[in-house]
1. Expressed as a fraction of 2.2 N^0.38 Å, the rule-of-thumb size for a compact globular protein of N residues, what is the C-alpha radius of gyration of the stretch 176-250?
2. Would you be so kind as to identify which of Val332, Leu352, Gln293 lies farthest towards the positive end of the dipole of the stretch 275-409, taking Lys and Arg as +1 and Asp and Glu as -1 on Cβ and the Cα centre as origin?
3. Once the Cα atoms of the stretch 266-405 are picked out, what are the Rg and Dmax in Å?
4. So for the stretch 200-351, considering every pair of alpha-carbon atoms, how many percent are separated by more than 25 Å?
5. Once you put a point 7 Å from the Cα of Glu264 and another 7 Å from the Cα of Ala152, both along the Cβ direction, what distance in nm separates them?
6. Compute the separation of the alpha-carbon centres of the stretch 175-200 and the stretch 1-69 and state it in Å as a whole number.
7. Spin-label point model (7 Å from Cα, Cβ direction): what's the Glu65 to His380 distance in nm?
8. Give, in nm to one decimal, the length gained when the segment between Arg184 and Ser295 is fully stretched (0.36 nm per residue of separation minus the Cα-Cα distance).
Amino acid sequence: MATEVKVPVLGESITEATLGEWLKQPGDKVAVDEPIASLETDKVSVEVPSPVAGVMGAHAVQVGETVLVGAMIATIDAGDGAPAVADAPQPAVTEEIKDSAGQQAPAAPASGDGPAALSPSVRRAVLEHGVDPGTVKGTGKDGRITKEDVTAAASAKPAAAAPAAPVAAPSVAASTGRKEERVRMTRLRQTIAKRLKEAQNTAAMLTTFNDVDMTAVIEARAKYKDLFEKKHGVRLGFMGFFAKAACMALKDIPSVNASIEGDEIVYHDYADISVAVSGAGGLVVPVIRDADQMSVAQIERTIGDFGKRAKDGTLRMEEMKGGTFTISNGGVFGSLMSTPIINPPQSAVLGLHRIEDRAVVMNGQIVIRPMMYLALSYDHRLIDGREAVTFLVALKNAIEDPTRILIDL
């Protein structure tokens, strides 16, 4: 008896997804709750677990197809994954297969006079590798051939055993080495592209810059990082300082933390900070809720958790919704300066960049200081240039004198 596998509920307002990858092929053994497919939504990739234990049945959709929530995408058949020997002789497989080198691959033998009946996954491997299953020694139950047996046989097959191919004129690709590859955009990348273009088309975006001397923060981090990690169980980074400093500046300049809805301005008396972290499929932007109420340790712990789960692909979609202000740290990738794009409906985004020693003038003397460029991109419909500059100056003052963060000054 076959059990249908359906697209699970993906989150509020999300009704469809794209089938990104099949993790199990027909004939593969699956356990209860074992992932069999990966779905791509507008936010994250979601794995579809098997509802029962058994054998992977037929795929109902292909990679790249759009599927609706609740739609059937595959079936799971009862069994232990070992294909049964046919009770009656099966018709011989006589179709000729061309392998990747253009040579004729051996036809699969008839089930009645050759090895035990091949499972769909093994038959596919035979056709892909051009291996004669009659020459493969099976290591599975009752001597049955497994995919691994076919792969091993293909790897062991000497290159000289293949008949010489007729000499042909070299193709243009072979002579020039020029190649092209077309890869379908993931659903996440399509959504990112759409939202960023909408931001450009809708907002009156402008970017203003400042720089900040990182000496005090670097010294504080070097002095307390070991004690901090011992007490809080997380490393002390720079993002905790910047998030706290940004929350303070947002209170002073509330328009930077506001958004436009229709012909109204919505001011928020809380700070939900979106932070860009690197995930398996690219950058994602989870939200630190009520960051203004958190300590530096709580912020660092939350960011660390986001980063780990982004790489594991286990971030939930609700964790990436909302947000009143965004911080993006391109400095971890070596960026010196950038003009980040706001994340609608937010009205501003702060860009952090790499720290590098530069010559600056202090008290009439040229000195070397670890400096970082700050960039604030903002919606000029809501935020005036004076407010943008004031925000950056307040942020700069807090970072250059971290005591201000402690006493909320």
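Values quoted throughout were computed directly from the atomic coordinates according to the rules given, and no laboratory measurement underlies them. The model shown is predicted, which means the values in this text are computed figures rather than measured ones. Reconstructed Cβ throughout: ideal geometry from the backbone, glycine too, with neighbour counts over all protein chains shown.
1. Taking the Cα Rg and dividing by 2.2 N^0.38 Å, one obtains 1.87.
2. Of the candidates, Val332 comes out farthest on the positive side.
3. Using the Cα atoms of the stretch 266-405, the pair Rg, Dmax is 16.3, 53 Å.
4. 31 percent
5. 6.9 nm
6. About 24 Å separates the Cα centre of the stretch 175-200 from the one of the stretch 1-69.
7. 4.9 nm
8. Extra length available between Arg184 and Ser295 comes to 35.7 nm.
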